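The values are calculated or read from the model by the stated rules, or taken from the named source; none is laboratory data. All figures in this text were calculated on a predicted structure; none of them were measured in a lab. Positions of Cβ are generated from backbone atoms using ideal geometry, with glycine treated the same way; all protein chains shown enter the neighbour counts.
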Ligand code: FPP
């Protein structure tokens with residue numbers, strides 16, 4: 001049986017989130033500029049999105065650009081923004097062909113106008129697709145999102161729309177930019193780094209974490225299948241005992 005056939009459909013994660021890391025090192029290893037790694041990362045994005053959609057994963061969230069990434073050299077930031085615009089334009093037919101809806105989380109107002117416009121258009125043009133939702137985290141960081149939510153909650157308490165007693169786990173979730181997306185069951189990080197890097201901190205409270213040494217531009221369908229198979233072997237206890245969860 002190949003890797004894909006070993007995946008148990010009934011135990012498929014609904015939401016897979018990925019920290020795509022290692023583009024720069026991949027390029028450096030080939031004696032090229034960092035952007036060469038980002039360009040090749042697009043192939044991994046395409047393969048992963050298609051594989052997830054084929055399997056029946058409902059949400060795939062990709063950490064494409066963090067709030068902190070704005071501090072990279074300006075030339076790399078510009079090249080990444082340009083790559084995003086071009087990729088979104090180029091991949092639009094493939095998204096529609098695969099019944100994938102595009103969505104985005106993050107401080108989208110800070111993106112260059114051309115990038116923002118392209119993104120908004122692609123989100124609109126794929127809005128009726130109901131196979132899988134591909135969420136791009138752009139100018140995103142979990143601390144930014146949580147801070148924004150806390151500010152809004154404070155304002156709503158001040159305005160009398162909320163009582164401080166109403167504040168609980170579910171209410172906070174509603175104020176986050178991920179409010180209409182289920183929490184990821186599986187979080188993958190490539191490139192061997194064992195960090196979360198300010199990604200979905202609230203939402204991954206009970207996610208299974210999977211780290212692989214593969215650099216993002218080399219990540220292919222079989223690597224995704226390996227991560228899902230590893231996830232399917234785990235016992236998710238959510239703080240309960242093994243006996244409680246198996247009964
Ligand atoms: C991390 O590698 C990767 C990024 C900051 C950008 C990811 C972007 C893409 C794969 C391009 C296109 C994406 C979409 C969704 C169209 P790194 O640069 O931090 O690598 P390093 O740790 O080896 O330096």
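Yes/no per residue for (1) out of contact with any helix residue (DSSP H, G or I) (no Cβ under 7 Å at 6 or more places or on another chain); (2) more than 29 Å from residue 196 (Cβ to Cβ):
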| position | (1), (2) |
| --- | --- |
| 128 | yes, yes |
| 132 | no, no |
| 135 | yes, no |
| 140 | no, no |
| 143 | yes, no |
| 146 | yes, no |
| 149 | no, no |
| 154 | yes, no |
| 160 | yes, yes |
Looking only at the stretch 192-223, how many residues end up being touching a helix residue (DSSP H, G or I) at 6+ places or on another chain (Cβ under 9 Å), closer than 29 Å to residue 146 by Cα, outside any loop (DSSP other than H, G, I, E, B) and within 16 Å of the ligand (Cβ to nearest atom)?
1
With the condition kept exactly as written, say whether any residue in the stretch 58-67 is in a helix (DSSP H, G or I), within 14 Å of the ligand (Cβ to nearest atom), at negative phi and surrounded by 13 or more Cβ atoms within 10 Å (Cβ to Cβ).
yes
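For every residue, the table says whether it meets (1) more than 11 Å from the ligand (Cβ to nearest atom); (2) part of a strand (DSSP E or B); (3) in contact (Cβ under 8 Å) with a residue 24 or more places away in the chain.
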| residue | (1), (2), (3) |
| --- | --- |
| 16 | yes, yes, yes |
| 26 | no, no, yes |
| 47 | yes, no, yes |
| 52 | yes, no, yes |
Is there a residue in the stretch 109-118 that is part of a helix (DSSP H, G or I), modelled with pLDDT of 95 or more, surrounded by 14 or more Cβ atoms within 10 Å (Cβ to Cβ) and away from the ligand (no atom under 16 Å from the Cβ)?
no
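Test residue 43 against the criterion of being surrounded by fewer than 17 Cβ atoms within 10 Å (Cβ to Cβ), closer than 20 Å to residue 98 by Cα and within 13 Å of the ligand (Cβ to nearest atom), and give yes or no.
yes
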